[in-house]
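Notes for the one structure printed next.
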Amino acid sequence: MPMPMKYNIVEVTWVDAEEFGEVGWNNLKAQLKYAKKPCPQLKTVGYEIFRNEDHIALLSSIGDKDSSTVEKIPIGFIKSIVTLTPAVCQNDTPEDSD
């Protein structure tokens, strides 16, 4: 029997925190130049298993009893969240919707 799909599949666009430099002393001029560069912007797609005012949690793979690791992204890092597919039963197909 197919597992009912309880979770939306979403695309999260977010900006990551970043650290630059080597262990020990770094060239100040290079650090000041690098400081002006924007933080990396990333996109993550996954099953949205949790969201609150602090963070969103996604899985890339999900089964009846197993799943991938959880990826948590702080809400303050997020630029946008787009729902790609709403939660539906796994055995629904475009042909079934006629």
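The values are calculated or read from the model by the stated rules, or taken from the named source; none is laboratory data. All values reported here derive from a predicted model rather than from experimental measurement. Here Cβ is always computed from backbone atoms with ideal geometry, including for glycine, and neighbour counts include all displayed protein chains.
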Answer yes or no: is there a residue in the stretch 24-45 that is closer than 18 Å to LYS6 by Cβ, without any contact (Cβ under 8 Å) to a residue 40 or more places away in the chain and within 10 Å of the chain's Cα centre (by Cα). yes
Within the stretch 5-18, is there a residue that is at pLDDT below 95, in contact with an Asp or Glu (Cβ under 7 Å, 6 or more places away or on another chain), of a type in the set (A, V, I, L, M) and under 30 Å from SER61 (Cα atoms)? no
From LYS33, LYS6, LYS72, grab the single residue that is of a type in the set (Lys, Arg) and closer than 20 Å to THR85 by Cβ. LYS6
All but one of (1) touching a helix residue (DSSP H, G or I) at 6+ places or on another chain (Cβ under 6 Å); (2) in a strand (DSSP E or B) hold for LYS43; state the number of the condition that does not hold. (1)
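Just to be sure I understand, how many residues within the stretch 46-81 are charged (D, E, K, R), part of a strand (DSSP E or B) and in contact (Cβ under 8 Å) with a residue 60 or more places away in the chain?
Applying the first criterion (charged (D, E, K, R)) to the stretch 46-81 yields 48, 51, 53-54, 64-66, 71-72, 79.
From what's left, part of a strand (DSSP E or B): 48, 51, 71-72, 79.
Imposing the further condition that a residue be in contact (Cβ under 8 Å) with a residue 60 or more places away in the chain reduces the set to 79.
Within the stretch 46-81, residues that are charged (D, E, K, R), part of a strand (DSSP E or B) and in contact (Cβ under 8 Å) with a residue 60 or more places away in the chain number 1.
Tell me the residue from ALA57, ALA87 that is modelled with pLDDT under 95 and in contact with a Lys or Arg (Cβ under 9 Å, 6 or more places away or on another chain), please.
Working: ALA57 fails: modelled with pLDDT under 95.
The unique qualifying residue is ALA87.
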In this structure, does GLU18 turn out to be part of a loop (DSSP other than H, G, I, E, B) and in contact (Cβ under 8 Å) with a residue 12 or more places away in the chain? yes
Per-region count, the stretch 12-53, residues of a type outside the set (Lys, Arg) and surrounded by 10 or more Cβ atoms within 10 Å (Cβ to Cβ): 24
